[in-house]
Amino acid sequence: MAYWLFKSEPDVWGWDKQVAKGEAGEEWDGVRNYQARNNMRAMKTGEKGFFYHSRTGLEIVGIVEVCAEAHPDSTTDDDRWECVDIRAVRPFEVPVTLEQIKAEPRLKDMVLVNNSRLSVQPVTADEWAIICDMGQTEP
């Protein structure tokens, strides 16, 4: 199973809005970066991801699950852009900040540390376990 990280500005689409979508989830639309799009194309239903508040907060606040694999992004007529649907699984008991992640030597190779602008990125199994532990949250 692969793991992922989804970044969103909380004033545009925050954790509470994601939770409000319930079991049906919501399209992770509007992504206009080829690398992020390709990451979504690789996702499988049931894979988990971190929900990360970017710009304001700079922290992982919850766990989401892919509930629909890559399909055309409904916010554009340009067929180059695809998205997945995700649903909230659970909040983090303790949010994990970017500062904490950068301070953890075992996470020095994490994409978030080295390419913080990428909006949809892979997370290794080891990184997943370490961050869930830091957030006192069941993986």
To the nearest 10 Å², what's Glu59's accessible area with a 1.4 Å probe? 50
Output needed for region 47-129: three equivalent-ellipsoid semi-axes, defined as square roots of 5 times the C-alpha gyration tensor eigenvalues, in descending order, whole Å. 25, 15, 12
So how far apart, in nm, are the two label points at Asn115 and Ala24 if each is 7 Å from Cα heading toward Cβ? 3.4
Under the 7 Å Cα-to-Cβ spin-label approximation, Lys17 and Thr97 lie apart by a distance in nanometres of 2.5
With n ≥ 4 as the cut-off for DSSP H runs, can you work out [θ] at 222 nm for the chain, using -39500 (n - 2.57) per run divided by the number of residues, rounded to the nearest 500? -6500 deg cm²/dmol
Using a 1.4 Å probe on the protein heavy atoms, what percent of the accessible area of region 86-139 belongs to carbon and sulfur? 47
In the full protein assembly as shown, how much of Arg80 is accessible to a 1.4 Å probe, in Å² to the nearest 10? 110
Defining a contact as two alpha carbons under 8 Å apart and six or more residues distant in sequence, what relative contact order in percent does the chain show? 30
How big is the convex hull of the Cα atoms of the chain, per residue, in Å³? 97
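The values are calculated or read from the model by the stated rules, or taken from the named source; none is laboratory data. Values in this document were obtained by computation on a predicted structure and should not be read as measured data. Please note: Cβ atoms are built from the backbone with ideal geometry, for glycine as well, and neighbour counts cover all protein chains shown. Heavy atoms of the whole protein, side chains included, go into the accessibility calculation; ligands, DNA and RNA do not. Shrake-Rupley method; radii C 1.70, N 1.55, O 1.52, S 1.80 Å.
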